[in-house]
Each structure stands twice: as C-alpha cells, then as structure tokens.
Amino acid sequence: MAVLVFKDSRKETLFSELSSLLASGLDFSRSFSLLTEGEEKGRIKEMLKSIHCSVVKGNALWQALEENGGFSPLDRGVVRIGEETGRLSEALVFLAEYYRKRIARRRMISSAVSYPLVVLGTAVIVLVFMILVVVPMFEQVYTRMGGELPAMTRGMIALSRSFPYWLGGVTAVAGGGALFFRYFGKRPEVQSAVSAFLLRLPLVGGLIRQNCEARFCSLLWLLNSSGVPLLRSIGLLEGIISFYPYRKSFTSIAQELGRGTLFSTALSLFPRLYDRKLVMLLRVGEETNRLGDMLSRQGEELSQRLEHGLKQAGNLLEPILVLGVGALVAAVLIAMYLPMFRLGTTIY
C-alpha cells in the first residue's frame, strides 16, 4: 500500500486543529478522535485512525507518525521534543506556523515567476509553429517563383529544414538529463556540482542564497521559541533545507557547536553561504543573550528582501521576454517577406 503523504496545507490544518483541541483542555485521545471524525476524505481518515490506534497501544505520537511514513523528519522531531518536554500543544502550534509560512513563501515565488514562464512557454510554441509550418509554406511559394533569395531568407529556410533534427537532439538531451538526475541526482558529487553552478548564476544564485538564509533564520527562531536546544535544531534542519551546500554545512556547524564553538563563529566558516552581515548580527545576539530575537528579525528581513528580489526579477524578465519574443517573431517575418519587398521594388 502506497504511503499517503500529507500536503503542506493539510498538515497546517491538522496541526492547528489538534493544538487547539489540546489547548481547550481535552485529552489527546478525545482530541484525536474528534479530529478523525471531522475528516471527510476516506484515506486520510483511515490514516488518522491508524495513528490513533498506534498511540493507544502505547507508542508516542512521534513514533506513530514515523510508522505512518507520511510525515517529514521535522514533523516527527518537533513532536518528539514537545512530548519529551510536556509542551506538545506548543510544538503543534510551531508546526502549523511553519507550514503556514512555507505555503505563503511558495505562493510568493509562484506569483513572481508564473507570468514570465507563461510568456516563455507561449513564445516557444509560437516560434516552433512558425519555423515548422509557416516557413515551409513560404518556401514552396518561392520555389515556384524561382529566382535568387536574400541571404536572410535562405538562412531561415535552412534553419526550418534542420530544425526537426535540432528539436529531436534537444529532446534527447533533456530526456537523458532527466534520466541521469533520476538515477544519479542524489549522489553528493552530482548535487555539489549542480548547486555550485546554480549559486554562480548572476540572478538565480543570489535568490537561492536569500531563500535558504531566510528559511534558516525563521526555522531556527521557531525552534528556539519552542524550547528546542540550538544543537538539536541544527540537526533538524538537515531534513528540512535540502539544498546540498546548506545541508552539508549543518553537519559541520553541529560538530563545531559540540566542541563549544560559538554559533556565529561556526557560521563564519562558510562565507559563501552565510552573509557577513548575518553572521555579525547573530554574534551580537549571542553576546547579548538575544539570539532568538535576532533570528526572528533577520528571518523577516531576509524574507522581505527575497520577496522584493523576486518581484524585481519578475519585472525585469517580463519586458525582456516580450522584447525577445517580438524580435524573434519579427526576424522570421522579415526573412519570409523580404523577397516580396524586393519583388515589389523591382516591379515599381
């Protein structure tokens, strides 16, 4: 039987409702029963019943979530900490807040890149149609007319003839790349090479870095405010932020913290991942015993900068794509109509 993985929106609702029921004074068994009764979808209802039965048999909630397999390491880790510290309701509030912010950030990114992607997709379809359908129609007309064609027109016709081979080659390369990443994409050397390439891209690299830093600060603040020790919080981040350089850095940071190194000093070992300003401010937070406040402030600031950067990127890409599409379409049309313009001039 396939494992049913909860969507982020469903997790937010589940953790929020369960925390509210527990905060109202109901015991866990009664709260989970009410939660199960209110579920309308059959598969989710059966899964909730399975989790409840596992807890009734004597397992902890985090163990029941682990047996189910549909919850992330963050879900299980935070719930475990909440149960061990007697603050399960607060842990559930943390998870609900985390998924709420994650959904909001995903919507923000989607709204910023959706229009440029639509323009790009439309442009590709239009250009492929013109090169494969329109250009051959003009070629047949000019073949019947005879005469020498302008160099631009001859080049466009040559491109139209060879375009199916180019399209097949691109499709084969894309398919081969997809298969390669499917079978070898999880290897450390592959992830390292891909992430290094992405971080070097002029615009994309900066946005990826800001996104990871914003998530890093926000998650650490939420974990800190829930009473999770810093060393354990770093360990939980390994299962949440999946971008390879950051995930690898968490292991080294945890080792440095275990040796007694300051948190900010451990971060400074990775200058390409963590901004100097962030490291400096977190050092101030450590020295003044206000690390949680500094993480919260930096998380909000980095999120705002990320949102602004995404909007700027979207605003920049829109006119570039529109102008690029217009230029390419104009080049095809000019190449096809140029012989007619010359013919008209000759007749005149």
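FYI, it's all coordinate maths here, none of it is from the lab. The structure displayed is predicted, hence computed values, not measured ones. Don't worry about glycine lacking a Cβ; one is built from the backbone with ideal geometry, like all the others, and counts go over all protein chains shown.
Extension gain for the segment SER111 to SER192, taken as residue separation times 0.36 nm less the Cα-Cα distance, is 26.3 nm to one decimal.
Pairs exceeding 26 Å between alpha-carbon atoms, taken from LYS186/LYS277; LYS11/LYS41; LYS277/LYS311; LYS45/LYS248; LYS11/LYS49; LYS57/LYS101: LYS186/LYS277; LYS45/LYS248; LYS57/LYS101. Taking every full run of DSSP H in the chain, the ones that stretch at least 20 Å from end to end by Cα along their long axis and average -1.0 or higher on the Kyte-Doolittle scale are 8-23, 42-56, 88-129, 151-184, 204-225, 244-258, 291-347. Between the C-alpha center of segment 14-53 and that of segment 74-109 there is a gap of 16 Å. On the beta carbon distance between VAL126 and ARG200, with R0 = 45 Å, the FRET formula returns roughly 0.90. Extension gain for SER33-LEU333 works out to 101.3 nm (0.36 nm per residue, less the C-alpha to C-alpha distance).
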